[in-house]
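A short worksheet on the structure shown next.
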Amino acid sequence: MQCRIFLPLSRARSYQAFTLIELLVVIAIIGLLSSIVFASLNSARAKARDAQRLANAREIMKALELYYADYGQYPVSDYDGCGGWDIGNKDYRLLNGRGLDAYFAGGRAPIDPFASGNCSGIRYYRYGAGSYGCDSSGGAYYVLGITDLETRSWPAPESPGWSCSGRNWQNEFDWVTGSFEK
């Protein structure tokens, strides 16, 4: 008697692997997409910082008007930097000790939290009547400006602007405004 042994035929498994070139292409595409996403995030962050700066400046304007309503004049600068301008940034507190802090919910005037040094961020100065050719019948006046907007053209389109015959602060700030006391 003959004995037959049947061996099952093994099916050949075919594995398809990625080639080195295909892996490099995939990695390059992922890198390109992630760089686009990060660039978009950086742009969005810069826009958010600018929006915060503008909101802070508008809040300061409102507080200045409330201060004026209470005292009949705008606060005098504390001359903490940049040629006598009062500075509001990480290093300097805007109108420190001049009574303006009472007009803010947090008890402190907002600043530019991203700027530093004695000439960048939010700047404030109170000028005497007639300074730089401004109409002296308007009385003293203040100038409030932002030096460091990141995403807007200079000057920013939403800047109210402020100028007198002897000086145009719009040429010095990214965003600027001012007001007479009378």
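Every read-out reported here was derived from the displayed coordinates using simple, explicitly stated rules and does not represent laboratory data. Predicted model only: the values in this text are computed from it and were never measured. Methodologically, a virtual Cβ is constructed for each residue, glycine included, from the backbone with ideal geometry; neighbour enumeration extends over all protein chains shown.
Residue count for region 76-92 satisfying the condition of being buried (at least 17 other Cβ atoms within 10 Å of the Cβ) and out of contact with any strand residue (DSSP E or B) (no Cβ under 7 Å at 6 or more places or on another chain): 1. Among the residues making up region 173-182, those that are outside any strand (DSSP E or B) and not aromatic (Phe, Trp, Tyr) are ASP174, GLU181, LYS182. Condition (residue is within 29 Å of ASN42 (Cα to Cα) and among the acidic types (Asp, Glu)) applied to region 130-147: is it met by at least one residue? Scanning region 130-147, I find no residue that is within 29 Å of ASN42 (Cα to Cα) and among the acidic types (Asp, Glu), so the answer is no.
Considering GLY117, GLY121, the condition of being buried (at least 20 other Cβ atoms within 10 Å of the Cβ) and within 19 Å of the chain's Cα centre (by Cα) is satisfied by GLY121 alone. Scan region 83-113 for residues that are within 18 Å of the chain's Cα centre (by Cα) and either at positive phi or not charged (D, E, K, R) (or both) and jot them down. Scanning region 83-113 gives ILE87, GLY88, ASN89, TYR92, LEU94, ALA109, PRO110, ILE111, PRO113. Filtered by the rule that a residue be within 18 Å of SER179 (Cβ to Cβ), in contact with a helix residue (DSSP H, G or I) (Cβ under 7 Å, 6 or more places away or on another chain) and not in a loop (DSSP other than H, G, I, E, B), region 84-130 gives LEU100, TYR103, ILE122.
Sub-9 Å Cβ pairs linking a first residue in region 99-114 that is closer than 16 Å to SER77 by Cα and in contact (Cβ under 8 Å) with a residue 24 or more places away in the chain to a second residue that is assigned to a helix (DSSP H, G or I) and of a type in the set (Ser, Thr, Tyr), at least 6 apart or interchain, are GLY99/TYR67; GLY99/TYR71; LEU100/TYR67; ALA109/TYR103, ordered by first then second residue.
Give the number of residues within region 135-156 that are of a type outside the set (Asp, Glu), in a loop (DSSP other than H, G, I, E, B) and within 20 Å of ASP112 (Cα to Cα). Total meeting the criteria: 8.
So that you can scan it fast, the table gives a plain yes or no per residue for (1) in contact with an Asp or Glu (Cβ under 9 Å, 6 or more places away or on another chain); (2) of a type in the set (A, V, I, L, M); (3) under 30 Å from LYS90 (Cβ atoms):
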site	(1), (2), (3)
TYR132	no, no, yes
LEU149	yes, yes, yes
SER159	yes, no, yes
GLN170	no, no, yes
THR177	no, no, yes
LYS182	no, no, no
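Would region 157-172 turn up any residue that is touching a strand residue (DSSP E or B) at 6+ places or on another chain (Cβ under 6 Å), over 21 Å from ALA44 (Cβ atoms), in contact (Cβ under 8 Å) with a residue 60 or more places away in the chain and not in a loop (DSSP other than H, G, I, E, B)? Among the residues of region 157-172, not one is touching a strand residue (DSSP E or B) at 6+ places or on another chain (Cβ under 6 Å), over 21 Å from ALA44 (Cβ atoms), in contact (Cβ under 8 Å) with a residue 60 or more places away in the chain and not in a loop (DSSP other than H, G, I, E, B), which makes the answer no.
Sub-6 Å Cβ pairs linking a first residue in region 75-87 that is under 12 Å from TYR127 (Cα atoms) to a second residue that is of a type in the set (A, V, I, L, M) and not in a loop (DSSP other than H, G, I, E, B), at least 6 apart or interchain, are PRO75/LEU100, ordered by first then second residue. Of all residues in region 166-182, those being closer than 16 Å to LYS62 by Cα and surrounded by fewer than 21 Cβ atoms within 10 Å (Cβ to Cβ) number 3.
Here ALA39 qualifies as part of a helix (DSSP H, G or I), among the hydrophobic types (A, V, I, L, M, F, W, C) and surrounded by fewer than 16 Cβ atoms within 10 Å (Cβ to Cβ).
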